[in-house]
1. Collect residues whose amide H, placed 1.01 Å from N in the peptide plane, falls under 5 Å from the amide H of ILE29; neighbours closer than 5 in sequence don't count.
2. Which residues' amide hydrogens lie under 5 Å from the amide hydrogen of ASP185, considering only partners 5 or more residues apart or on another chain, with H built in the peptide plane?
3. Note down the nm distance, to one decimal, between modelled labels 7 Å out along Cα→Cβ at LEU131 and at PHE40.
4. Could you work out the Kirkwood radius for the chain, taking every pair of different alpha carbons, averaging 1/r and inverting it, reported in Å?
5. What list of ³J(HN,Hα) couplings, whole Hz, do you get for the range 111-122 from phi and the Karplus terms 6.51, -1.76, 1.60, once you set θ to phi - 60° and write x for glycine and proline?
6. Report, ordered by chain and residue number, the lysines lying within cross-link reach of LYS23, taken as a straight Cα distance under 29 Å and ignoring same-chain residues fewer than 8 apart.
7. Around ALA112, which amide H atoms from residues at least 5 apart in sequence, or from another chain, sit under 5 Å from its own amide H, with H modelled in the peptide plane?
8. I need the peptides 170-178, 137-145, 124-132 ranked by packing, meaning the mean over residues of other C-beta atoms within 10 angstrom, with the highest value on top.
Amino acid sequence: MDITKTNEIADARKIVESRVGDKGLNLLINNAGVLTWQGFPDITEENMLLHFSTNTVGPVMVLKEMLSLLQKSAAQKDSGMDISRAAVLNISSSGGSISALPREASKGFLAAMGYGTSKAALNMAMKVVALTLIGQGILVVNMCPGWVKTDMGTDQAQLTLSESISAMLKTLFQLNESHHGAFLDRNGKPIPY
């Protein structure tokens, strides 16, 4: 689905709902991402809006649309928070860490201004969601998969898809209520906001 299109998000919810029924959705993975290189002062409004629409607003709207299905799943158990009850995993980026930027900034990363700021906004948005959903049994976590060999990550990246996904899955199964609202790397290590 194109997560910048409200009707496609609603259609996706209908498809998911038809498959999960009254059991609800126990795991939503928000894996939206776009990166177009432009730094300051060359950055354009179009570049910023592209990143925010896809990397920030889209995941929030997907979660909003799927919330009732997550709530159904969470209602099946009366305690705890984990992926078997109800969870939202938002794929973020260490590039969205404001406090880590001075240490990690390179000219290459600074040329991805729209991407980094949109991932920082995603982290904040999902922290707000996590705090809003306290007590509902829905675990909300942001996770950085690392620099992965994909179209976005390029062949110069450090990790294969398999390495990144394997680490994230291992971590995902270890998450509980102590991780609610956290920003983690693929191995479960906290990343500063």
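Bear in mind that the values in this text are calculations on the coordinates, not laboratory data. All of these numbers come straight from a predicted model, not from anything done at the bench. Cβ: placed from backbone, ideal geometry, glycine included. Neighbour counts: every protein chain shown.
1. LEU89
2. Those lying under 5 Å, H to H, from ASP185 are CYS144, ILE191.
3. Between LEU131 and PHE40, the simple spin-label model gives 2.5 nm.
4. Numbers: mean 1/r = 0.0583 Å⁻¹.
Computed over Cα pairs of the chain, the Kirkwood hydrodynamic radius comes out at 17.1 Å.
5. Using θ = phi - 60°, the values come out as 7, 10, 4, x, 5, x, 5, 6, 6, 5, 5, 4 Hz.
6. Once the sequence-local lysines are set aside, what remains near LYS23 is LYS5, LYS14, LYS64, LYS72, LYS77, LYS127, LYS170.
7. Those lying under 5 Å, H to H, from ALA112 are GLN38.
8. Packing order, densest peptide first, comes out as 137-145, 124-132, 170-178.
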